[in-house]
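Notes follow once the structure below has been shown.
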Amino acid sequence: MKKPNIFRRTIMFIVDKWRIIMDVKYNPLRHVPDPSIQTYFMVVLFSVWSITFGLIAIFWLGFIGYNILTSIYW
């Protein structure tokens, strides 16, 4: 069997990692029985990561005018 080319392997790697993080059918939150609790956890994780990346953008990258709340909203 021929090994897939580098482009296909890269795309499949990205799709696999996206599903592990963002798709409730594949990520560890699938074991939570209630869909509303799954949604709550996903929103909380989204907010935490948005704030974290916003702080990185402000303090490490030097984006002084960066607004975290606008980033979360948009």
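A residue that is more than 21 Å from Tyr73 (Cα to Cα), surrounded by fewer than 11 Cβ atoms within 10 Å (Cβ to Cβ) and over 15 Å from the mean Cα position of the chain (by Cα) can be found somewhere in segment 34-45. Taken as a whole, segment 1-20 holds at least one residue that is modelled with pLDDT under 85 and of a type in the set (D, E, K, R). Under the condition of being surrounded by 10 or more Cβ atoms within 10 Å (Cβ to Cβ) and β-branched (Val, Ile, Thr), which residue from segment 63-74 is nearest to Val24 (Cα to Cα)? Step by step, filter segment 63-74, then rank; the result is Ile72. Picking from residues in segment 46-62 that are loosely packed, with under 12 Cβ neighbours inside 10 Å, of a type outside the set (Gly, Ala, Ser) and more than 16 Å from the chain's Cα centre (by Cα), the one that is farthest from Trp18 (Cα to Cα) is Phe59.
Filtered by the rule that a residue be farther than 23 Å from Ile72 by Cβ and not in a helix (DSSP H, G or I), segment 16-31 gives Lys25, Tyr26.
Could you please find all residues in segment 1-33 being of a type in the set (Phe, Trp, Tyr) and surrounded by 10 or more Cβ atoms within 10 Å (Cβ to Cβ)? Passing the criteria: Phe13, Trp18, Tyr26. Only a single item in (1) out of contact with any Phe, Trp or Tyr (no Cβ under 7 Å at 6 or more places or on another chain); (2) modelled with pLDDT of 80 or more is not met by Ile64, and it is number (2).
The values are calculated or read from the model by the stated rules, or taken from the named source; none is laboratory data. Note that the structure is a prediction, hence the values are computed from the model and not measured. All Cβ positions, even for glycine, are placed from backbone atoms using ideal geometry, and neighbour counts span all protein chains on display.
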